[in-house]
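Every read-out reported here was derived from the displayed coordinates using simple, explicitly stated rules and does not represent laboratory data. All values derive from a computational prediction rather than experimental measurement. Ideal geometry is used to build each Cβ from the backbone, glycine not excepted, and the neighbour counts take in all protein chains shown.
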Amino acid sequence: MHWDWQIFLSDDGGGRTYLEWMLQAWGWTLGVALAAWCVAVSVGALVGVMRTLRASPWINRLALAWVELFRNIPLLVQVFLWYFVLPKLWPAMQQFPSFWLVALALGLFTSARIAEQFRAGIESIKTGQTQAALALGMTRTQMYRYVLMPVALRVILPPLTSESMNLLKNSSIAFAVSVPELTMFAMQAQEETSRGVEIYLAVTLLYAVSAFAVNRAFAFVERRLRLPSSGTDAGVSAAKVAPLGLGH
Amino acid sequence: MLDLDLSFVTLELLRKFILQGFIFSVQLTVIASLGGLLIGTLLAIGRLSGIKTLVALSAFYVNTMRSIPLVMVILWFYLLIPLLTGHSIGVEFSAYFTFVAFEAAYFSEIMRAGISSVSPGQKNAALALGLTPTQSLQQVILPQAFRNMLPVIFTQTIVLFQDTSLVYAIGAYDLLKGFVTAGKIYGRPEEAYLLAAVIYFALSWAASFMVKRLERRIAIVR
């Protein structure tokens with residue numbers, strides 16, 4: 001077989017080259033992923049905190065139900081529910097562009113996974129820290145805000161990195177409801193040009209580059225957030241500080 | 001407001017539209033997890049072999065697969081198999097090949113962690129007893145690695161079962177497609193999507209509940 005990279009410079013019939021189309025599609029992919037990421041992290045942190053509130057069993061159960069619900073239905077089925085079923089239930093949603101429906105579906109799907117990471121991160125913190133915070137007269141909210149969350153966030157950065165890369169890859173699901181992102185571009189351009197290998201190679205490369213960029217961005221954040229007192233990670237420093245704080 | 005009408009769901013509908021898709025989804029899950037586990041174990045052994053080319057090759061394979069969205073991998077195989085072999089093999093077979101190849105990368109990482117979790121003393125003891133390196137791997141290391149990783153392997157299989165719905169991209173007839181088709185024919189798409197969600201949820205939730213029980217039982221034995 002021979003290569004034909006010229007295909008990217010030819011017109012797609014709508015006044016733009018396939019290269020331009022692909023770059024626009026890349027923008028859609030990054031846009032869906034970013035919007036979904038914001039939903040996933042904020043809802044995930046909230047549900048994760050709710051999972052650690054042992055004193056309020058009903059909040060805890062509600063959060064567990066949230067996690068089980070969004071974790072046990074395939075993402076594609078969830079996207080269909082958001083796109084086809086919920087607008088029937090709540091007609092105002094028919095005005096929502098599919099971009100936001102997919103971002104919500106992908107964001108809430110991922111929020112269940114991120115919630116479990118936050119829960120594990122918070123639970124990994126020694127109880128001495130909690131007791132010290134309460135002994136200092138902090139309220140529960142202050143304890144989460146100033147003691148638990150800052151440490152938990154650092155502890156979960158590595159798994160959060162790979163979940164964010166998963167989210168980026170999962171954004172390819174948006175093709176199913178015709179969001180003009182990279183996978184949709186790949187399918188359509190492949191059909192129009194019959195130069196599938198070149199198209200798929202370029203799209204695959206863009207996905208890999210994006211995932212790598214996410215990885216590097218998190219590595220940067222991890223370096224910036226590293227506590228001066230700690231050797232390699234915040235979990236170690238939490239373990240070191242706790243016995244000193246209360247002497248148990 | 002949504003007026004749900006489930007009266008179209010009959011035994012005949014299930015037999016006509018859903019059963020075939022369900023069987024395919026289960027077959028795809030079973031074949032992909034067994035095939036993926038087998039190839040993934042070989043990849044993990046290669047990765048840990050210390051032989052430079054083997055280490056580099058398996059690392060390259062695993063990292064490449066893991067950096068591409070599954071939908072793109074499905075499209076790639078569907079495009080490449082006819083291009084390389086000269087004839088089309090159909091969406092169902094294409095899906096089998098794709099999922100075995102894709103899952104192998106993920107199972108390889110699980111087995112790599114499993115093999116590393118067996119203490120080096122076990123290997124030394126096996127060698128001291130006169131077992132060859134191959135025998136020690138087969139009879140001492142791998143059984144323990146497999147056992148340690150059993151809950152993770154099952155959890156990955158549940159994820160895999162949910163991921164099989166992505167064969168939608170090439171139009172294979174799986175469980176989801178069964179519901180979508182039935183919904184279209186009977187003019188009840190909303191109910192069909194909801195039912196699909198309920199079935200997937202029930203199966204995945206029950207399976208993860210069983211994995212949790214298994215995890216507890218293994219933990220007690222140790």
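Mean sequence separation of contacting Cα pairs (under 8 Å, at least six apart), scaled by the length of chain A, corresponds to a relative contact order of 25 percent.
Phi angles of region B:7-17 translate, via the Karplus equation with coefficients 6.51, -1.76, 1.60 and θ = phi - 60°, into HN-Hα couplings of 5, 6, 7, 10, 4, 5, 4, 4, 5, 6, 10 Hz per residue; Gly and Pro are given as x. Size estimate for the protein assembly as shown follows the Kirkwood approach: the inverse of mean 1/r over distinct Cα pairs works out to 24.7 Å. Ranked by how many other Cβ atoms sit within 10 Å of their own Cβ, fewest first, the residues B:Leu54, B:Leu160 fall in the order B:Leu54, B:Leu160. For the pair B:Asn63 and B:Ile218, the difference between a 0.36 nm per residue extended length and the Cα-Cα distance amounts to 52.7 nm. Relative to the Cα centre, the charge distribution of region A:5-246, modelled as +1 at Lys and Arg Cβ and -1 at Asp and Glu Cβ, gives a dipole magnitude of about 1320 debye. Computed over region B:147-222, the Cα gyration tensor eigenvalues convert (square root of 5λ each) into semi-axes of 33, 14, 5 Å, ordered from largest to smallest. Determine the distance separating the Cα centre of region A:54-111 from the Cα centre of region B:20-45; give it in Å without decimals. Going from one Cα centre to the other spans 29 Å.
Note on chain B: percent of Cα-Cα distances in each 10 Å bin, starting at 0 and stopping at the bin with the largest distance, equals 7, 26, 29, 21, 11, 4, 1, 0.
Over chain A, dividing the summed -39,500 (n - 2.57) contributions of all DSSP H runs of at least 4 residues by the number of residues returns a 222 nm mean residue ellipticity of -23000 deg cm²/dmol. In units of the compact-protein estimate 2.2 N^0.38 Å, region A:5-246 shows a Cα radius of gyration of 1.23. Across region B:93-178, C-alpha contacts under 8 Å between residues 6 or more apart give a mean separation that, scaled by the residue count, equals a relative contact order of 31 percent. Against the main long axis of the alpha-carbon atoms of chain A, helix A:98-123 sits at an angle near 30°. Rounded to the nearest Hz, the phi-derived 3J(HN,Hα) couplings of region B:25-42 under the Karplus curve 6.51 cos²θ - 1.76 cosθ + 1.60 (θ = phi - 60°) are 4, 5, 4, 4, 4, 5, 5, 5, 6, 5, x, x, 5, 4, 5, x, 5, 4, where x marks glycine and proline. Normalised by the number of residues in region B:22-175, the mean separation of alpha-carbon contacts (under 8 Å, six or more apart) gives a relative contact order of 37 percent. Rounded to the nearest 500, the helix-only mean residue ellipticity at 222 nm of chain B stands at -25500 deg cm²/dmol, with each DSSP H run of n ≥ 4 adding -39,500 (n - 2.57).
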